[in-house]
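Dropping the structure in here first, questions after.
The values are calculated or read from the model by the stated rules, or taken from the named source; none is laboratory data. Computed from a prediction, not measured in an experiment: that's the story for all the values here. Virtual Cβ from ideal backbone geometry, glycine too; neighbours counted across all protein chains shown. When the accessible area is computed, the model is the full protein with side chains, heavy atoms only, and any ligands, DNA or RNA have been set aside. Shrake-Rupley method; radii C 1.70, N 1.55, O 1.52, S 1.80 Å.
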Amino acid sequence: MLIEQPARLLRWLYPRALWRINPDERAVYLTFDDGPIPEVTPWVLDVLDKYGVKATFFMVGDNVRKHPEVYQEVVRRGHRIGNHTYHHIGGLRHGIRSYLHDVEMANELLHTNLFRPPHGWMKWSQYIAVLLRYKVVMWDLVTRDYSTLLNGHDVLRNVRRMARPGSIITFHDSLKSHDKILYALPRAIEWLQAEGYAFKVIP
């Protein structure tokens, strides 16, 4: 999606999803999508350790299958895990049965009650069915670190412009985002800390 903050229409479509947490508390919630990837995720973990930050990682089941040691390291360091389907499938291209099967395949490895749909979309029927077993977590700010049109400076600027109390902030621990987060992630954390924000995991 080419927006940093979700439109009201999106929030209206998924009203029981978590988009933002307590706006009266000066805290943000860092999340990372699409890992675990051995070329990126361990570096992210080291950055988070350096600044004493805990985050929530929405993982792709097939990546966990291929890199179980990286998954275990995320858990060992005290971060929260979320489900991001097994094959990173888009809900609009799949029926409810195949979509839910993919979600459950992932959860056989992830064992979590948190779910985030790839690309931020799913059919209404899928959304209702997923809600029976999971807390659906969206975002208040997507950094767009995946975009080939942006660089690390742009990603950092998105955080500075859009972060606010209660924001769920989405980065990606993926190969296509790596060059951007190398620059943006540590600087974003430093800026948020200087602005007085605490860092929390999705409850």
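Each row is one residue, and each column tells you yes or no for (1) within 21 Å of residue 11 (Cα to Cα); (2) surrounded by fewer than 16 Cβ atoms within 10 Å (Cβ to Cβ); (3) not acidic (Asp, Glu).
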| site | (1), (2), (3) |
| --- | --- |
| 130 | yes, no, yes |
| 137 | yes, no, yes |
| 144 | yes, no, yes |
| 155 | no, no, yes |
| 168 | yes, no, yes |
| 203 | yes, yes, yes |
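A follow-up question, please. Out of all the residues in the stretch 5-41, which are surrounded by fewer than 18 Cβ atoms within 10 Å (Cβ to Cβ) and farther than 25 Å from residue 128 by Cα?
Result: 23, 24, 25, 26, 27, 38, 39.
Scan the stretch 74-93 residue by residue and report those that are touching a residue at least 24 places away in the same chain (Cβ under 8 Å) and open to solvent by 50 Å² or more (accessible area, probe 1.4 Å).
Once the filter is applied, which keeps residues that are touching a residue at least 24 places away in the same chain (Cβ under 8 Å) and open to solvent by 50 Å² or more (accessible area, probe 1.4 Å), the stretch 74-93 yields 80, 87, 88, 92.
Something else now. Out of all the residues in the stretch 171-189, is one or more farther than 14 Å from residue 34 by Cα, open to solvent by 10 Å² or more (accessible area, probe 1.4 Å), not small (Gly, Ala, Ser) and not in a helix (DSSP H, G or I)?
Among the residues of the stretch 171-189, not one is farther than 14 Å from residue 34 by Cα, open to solvent by 10 Å² or more (accessible area, probe 1.4 Å), not small (Gly, Ala, Ser) and not in a helix (DSSP H, G or I), which makes the answer no.
Taking into account only those residues within the stretch 132-170 that are among the basic types (Lys, Arg) and either in a loop (DSSP other than H, G, I, E, B) or within 16 Å of residue 200 (Cβ to Cβ) (or both), which is nearest to the chain's Cα centre (by Cα)?
Applying the filter and picking the extreme gives 144.
Taking the conditions exactly as written (farther than 22 Å from residue 194 by Cβ and not in a loop (DSSP other than H, G, I, E, B)), does residue 125 satisfy them or not?
So residue 125 fits the description; yes.
Residue-wise test of (1) within 18 Å of residue 172 (Cβ to Cβ); (2) at pLDDT below 95; (3) not in a helix (DSSP H, G or I).
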{"position": "44", "(1), (2), (3)": "yes, no, no"}
{"position": "48", "(1), (2), (3)": "yes, no, no"}
{"position": "58", "(1), (2), (3)": "yes, no, yes"}
{"position": "62", "(1), (2), (3)": "yes, no, no"}
{"position": "81", "(1), (2), (3)": "yes, no, yes"}
{"position": "97", "(1), (2), (3)": "no, no, no"}
{"position": "107", "(1), (2), (3)": "no, no, no"}
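Another one. So for the stretch 36-52 (the condition being more than 21 Å from residue 69 (Cβ to Cβ) and among the polar types (S, T, N, Q)), does at least one residue qualify?
No.
A further question follows. So which residues in the stretch 20-36 are among the aliphatic types (A, V, I, L, M) and in a loop (DSSP other than H, G, I, E, B)?
Correct list: 21 only.
I'd like the residue in the stretch 108-128 that is polar (S, T, N, Q) and surrounded by fewer than 18 Cβ atoms within 10 Å (Cβ to Cβ) and, out of all such residues, is nearest to residue 30 (Cα to Cα).
113
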